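S.K.: Would you mind keeping the following structure in view while I ask a few things?
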Amino acid sequence: MEQQKVCRLEKDNRFEGYLLVRGAEKKTDRNGRDYVDLNLGDKTGEINAKIWNWEGTQPVPESGRPILVRGLVQEYNGRIQMRVEKWQTPRAGEVIPLEELVPSAPRNPEDMLREIRETVAGFDNRSLRKLTEAMLAMAGERLSWFPAAQRMHHAERGGLLHHTTDMLRMAKAALEVYPWLNRDLLLSGVILHDLGKLEELESDENGNVTDYTRDGQLLGHLVRGITLLNRAAEQTGVTGEPLVLLEHMLLSHHGEAEYGSPRPPMFPEAEALHWIDMMDARMNTMKGAWEKTPEGAFSEKIFSLDRRVYHPNYTEEGK
């Protein structure tokens with residue numbers, strides 16, 4: 001029997017099936033008893049779970065691994081939560097449907113990488129082409145599976161490529177409307193703007209992010225992206241205006257200090273990058289909430305949007 005999708009779980013549902021451990025930590029309750037706090041998920045969503053009265057006779061479930069779970073869905077502070085009654089790791093030789101558990105980008109990683117490389121090969125500006133190629137080379141194979149976030153937009157296997165290629169397509173459409181923008185500079189900024197996340201997040205090859213790295217917590221991907229860009233400049237010998245413009249685009253793409261950018265975008269291509277990034281991130285978040293919400297209903301509050309999302313009944317005719 002096909003197991004329930006996490007995005008469709010409701011209060012009082014009983015669940016039994018495989019879920020992916022996206023985070024697990026042993027904690028102590030107010031009475032001094034140990035329990036395990038977990039985040040479990042499949043490709044449709046994630047749910048917080050608790051294993052109460054933990055006796056510590058076996059290791060805490062390992063992040064990034066599937067487990068067989070039986071439990072009851074309850075509600076706590078307005079959000080659903082699973083009370084785990086029984087769990088176990090897969091037995092040797094047991095076939096686990098990982099394709100149902102791991103959120104993945106909707107396009108093939110090789111196709112997305114090819115799209116990026118063909119774009120870079122078409123640059124007329126040699127300095128921008130050299131810098132972009134060097135940064136992609138430093139990213140290496142991780143780029144094929146790396147996520148774009150831990151729990152926000154494009155938090156999926158291949159999410160960084162998904163985010164980048166969707167932004168590339170938006171940028172190319174914007175260039176049709178604003179042909180006076182510098183094409184190579186805008187597209188280079190799109191490709192490079194989030195590569196610092198490779199040093200910001202701890203992720204396995206399933207795209208499961210367990211934590212932020214030391215550099216991610218102390219510096220963040222904007223600053224780390226600029227240090228990687230400067231390393232690429234040293235390798236390629238590129239200096240001057242192209243390098244400084246890209247540095248500014250990486251530094252300012254969050255738009256304002258409240259969101260981590262110490263400088264606002266100060267030239268047109270930087271401004272365009274900021275809004276293309278913002279739109280793609282928000283539309284991906286909207287899509288995720290829309291997919292998990294029945295027609296005619298509102299989602300739970302999406303904290304990155306600071307609102308609930310409505311799923312319209314598109315087929316209902318007005319009266």
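The values are calculated or read from the model by the stated rules, or taken from the named source; none is laboratory data. Not measured: the values here are computed from a predicted model. Because the Cβ atoms are built from the backbone with ideal geometry, glycine has one as well, and the counts that use them run over all protein chains shown.
S.K.: From the residues in segment 80-121 that are in a helix (DSSP H, G or I) and β-branched (V, I, T), which one is nearest to S63 (Cα to Cα)?
M.R.: I116
S.K.: Which of the residues belonging to segment 147-182 are surrounded by 20 or more Cβ atoms within 10 Å (Cβ to Cβ) and basic (K, R)?
M.R.: The answer is R157, and nothing else.
S.K.: Could I ask something else about it? If E110 meets every condition in (1) more than 26 Å from T164 (Cβ to Cβ); (2) out of contact with any strand residue (DSSP E or B) (no Cβ under 9 Å at 6 or more places or on another chain); (3) touching a residue at least 24 places away in the same chain (Cβ under 8 Å) apart from one, which number is that one?
M.R.: Answer for E110: the failing condition is (1).
S.K.: Are there any pairs with C-beta distances below 7 angstrom linking a residue in segment 132-158 that is under 18 Å from V209 (Cβ atoms) to a residue that is acidic (D, E) and modelled with pLDDT of 90 or more, with the two at least 6 apart or on different chains, and if so which?
M.R.: Listed pairs, sorted by first residue: A148/D194.
S.K.: So which residues in segment 45-97 are loosely packed, with under 14 Cβ neighbours inside 10 Å and within 29 Å of H154 (Cβ to Cβ)?
M.R.: Across segment 45-97, the qualifying residues are E62, E75, Y76, N77, G78, R79, P90, V95.
S.K.: Of all residues being outside any loop (DSSP other than H, G, I, E, B) and among the β-branched types (V, I, T) in segment 234-262, which is surrounded by the fewest Cβ atoms within 10 Å (Cβ to Cβ)? Just the residue, please.
M.R.: The selected residue is V244.
Condition check ((1) hydroxyl-bearing (S, T, Y); (2) modelled with pLDDT under 90) across all residues:
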| site | (1), (2) |
| --- | --- |
| R30 | no, yes |
| G45 | no, yes |
| N53 | no, yes |
| V60 | no, yes |
| L68 | no, no |
| P90 | no, yes |
| E94 | no, yes |
| T119 | yes, no |
| F123 | no, no |
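S.K.: Let me ask something else. Does any residue of segment 70-87 turn out to be touching an Asp or Glu at 6+ places or on another chain (Cβ under 6 Å) and touching a residue at least 60 places away in the same chain (Cβ under 8 Å)? Spell out the reasoning first.
M.R.: First pass over segment 70-87, keeping only residues touching an Asp or Glu at 6+ places or on another chain (Cβ under 6 Å): 70-71.
If we keep only those that are touching a residue at least 60 places away in the same chain (Cβ under 8 Å) as well, we get none.
No; the residues of segment 70-87 include none that is touching an Asp or Glu at 6+ places or on another chain (Cβ under 6 Å) and touching a residue at least 60 places away in the same chain (Cβ under 8 Å).
S.K.: Those residues that are among the small types (G, A, S), surrounded by 14 or more Cβ atoms within 10 Å (Cβ to Cβ) and farther than 17 Å from A155 by Cβ, I need them from segment 1-44; list them, please.
M.R.: G17, A24
S.K.: Under 8 Å between Cβ atoms, at least 6 apart or on separate chains: pull out the pairs that start in segment 244-268 with a residue that is of a type in the set (D, E, K, R) and end on any residue that is assigned to a helix (DSSP H, G or I).
M.R.: Close Cβ pairs satisfying both conditions: E247/I226; E247/L229; E247/N230; R263/H248; R263/L251; R263/S252.
S.K.: Could you list, in sequence order, the residues of segment 264-309 that are loosely packed, with under 15 Cβ neighbours inside 10 Å and among the hydroxyl-bearing types (S, T, Y)?
M.R.: Within segment 264-309, S304 is the sole residue that qualifies.
S.K.: Which of the following residues is surrounded by fewer than 21 Cβ atoms within 10 Å (Cβ to Cβ), farther than 30 Å from Q4 by Cβ and under 14 Å from the mean Cα position of the chain (by Cα): S104, S144?
M.R.: When all the criteria are applied, what remains is S144.
Table: residues versus (1) modelled with pLDDT of 95 or more; (2) touching a Pro at 6+ places or on another chain (Cβ under 8 Å).
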{"site": "H153", "(1), (2)": "no, no"}
{"site": "L161", "(1), (2)": "yes, yes"}
{"site": "R183", "(1), (2)": "yes, no"}
{"site": "I191", "(1), (2)": "yes, no"}
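S.K.: Pairs under 7 Å by beta carbon, first residue at pLDDT 90 or above in segment 209-237, partner of a type in the set (G, A, S) and part of a helix (DSSP H, G or I), six or more apart or different chains?
M.R.: Going by the 7 Å Cβ cut-off, the qualifying pairs are A232/A134; Q235/A134; T236/A134.
S.K.: Looking at (1) surrounded by 16 or more Cβ atoms within 10 Å (Cβ to Cβ); (2) at pLDDT below 80, which is the only condition G318 fails?
M.R.: Of (1) surrounded by 16 or more Cβ atoms within 10 Å (Cβ to Cβ); (2) at pLDDT below 80, only one is false for G318: (1).
S.K.: A follow-up question, please. Is one or more of the residues making up segment 234-255 in contact with a Phe, Trp or Tyr (Cβ under 6 Å, 6 or more places away or on another chain) and in the same structural domain as E118 (by TED's automatic domain parsing)? If you could, list the steps in order and put the result at the bottom.
M.R.: Applying the first criterion (in contact with a Phe, Trp or Tyr (Cβ under 6 Å, 6 or more places away or on another chain)) to segment 234-255 yields none.
Within segment 234-255, not a single residue is in contact with a Phe, Trp or Tyr (Cβ under 6 Å, 6 or more places away or on another chain) and in the same structural domain as E118 (by TED's automatic domain parsing).
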